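Participant: First the structure, which I've put down as structure tokens, then a few questions once you've had a look.
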Amino acid sequence: MSDDLTTGLRELAEAGQAAPSVPGMEIRRRAGVRRRRRRTVAAVAGVSGAAALGITLLLGLTGPDAGNRSPAGTPAGTPSTQAAPSATVDLTRRVLSVGGRELPVSAGRSRTATPTGRMTVTAREKSKAVSGEAVGFEGDYTLNVPWVVELRGKDGSSTFFGALFHDAEAPGRYDTTSGWIGLGPGDAKWLYGHLRVGDVVDVKGGGSTAKNPPSAGGDGSG
């Protein structure tokens, strides 16, 4: 091996063992700074993570759809209180209360009582064909009842409002139908224009002590 090569290798080895150009105290100071920086970064990351979790929980409780949610235990779309009825029928008094008015009515006879309970308007018809018996006639008749408002209850029961044109004295005085609720022609027309499909009607009472219509024999029994 040449002397120049030997000398070069020796100088290279000595250079690798040479002391660092930065004093030991400065090295320790820099190491301490790096440790503090790492602790600061870790602390900031922890705070950011907690803040993000808090924001996520807050959005979950008060997000844009929070106002459309039902109270706990209440299915979505279920009203928290029962809707007020648009009309109420008191069969005992033979009165329909609706739109600030009280209209006299005639309901079903004792053997064909008008169903009671909360009902919903399901249809409106200007005329409905019914049997003579439905309006208190004996014999094989078919008559048209005008200004009909159909009602149906949750239990499947049904009835309707209509004009009791053939017996103007019945509304408010006695019951003469097969279970539907009759009004005077003018009142029936007004009611037809007032109620809408989906309106709620409460039908209450029954068993009025007012007289029943005269029978065909004139004995006054219902």
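The values are calculated or read from the model by the stated rules, or taken from the named source; none is laboratory data. In this text the structure is predicted, and so the values were computed from the model without any measurement. Cβ placement follows ideal geometry from the backbone for every residue including glycine, while neighbour counts extend to all protein chains displayed. Side chains are part of the model used for accessible areas, which takes the heavy atoms of the whole protein and leaves out ligands, DNA and RNA. Shrake-Rupley method; radii C 1.70, N 1.55, O 1.52, S 1.80 Å.
Yes/no per residue for (1) open to solvent by less than 60 Å² (accessible area, probe 1.4 Å); (2) modelled with pLDDT of 95 or more:
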| residue | (1), (2) |
| --- | --- |
| L96 | yes, yes |
| P104 | yes, yes |
| R118 | no, yes |
| V130 | yes, no |
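Participant: If you don't mind, there's one more thing I want to ask. Can you tell me which condition V135 does not meet? The list is (1) open to solvent by less than 40 Å² (accessible area, probe 1.4 Å); (2) modelled with pLDDT of 95 or more, and all the others hold.
Facilitator: So V135 meets the others, but not (2).
Participant: Starting from the stretch 159-188, keep only residues that are more than 21 Å from A129 (Cβ to Cβ) and hydroxyl-bearing (S, T, Y), then list their pairs with residues that are open to solvent by less than 20 Å² (accessible area, probe 1.4 Å) and not in a strand (DSSP E or B) whose Cβ atoms are within a distance under 7 Å, requiring at least 6 positions of separation or different chains.
Facilitator: Hits for this filter: Y174/P213.
Participant: When the residues of the stretch 143-165 are filtered to those that are in contact with a Lys or Arg (Cβ under 8 Å, 6 or more places away or on another chain) and of a type in the set (F, W, Y), which remaining residue is nearest to T120 (Cα to Cα)?
Facilitator: F160
Participant: A further question on this structure: Going by the structure shown, is G193 modelled with pLDDT of 95 or more and open to solvent by 20 Å² or more (accessible area, probe 1.4 Å)?
Facilitator: So G193 fits the description; yes.
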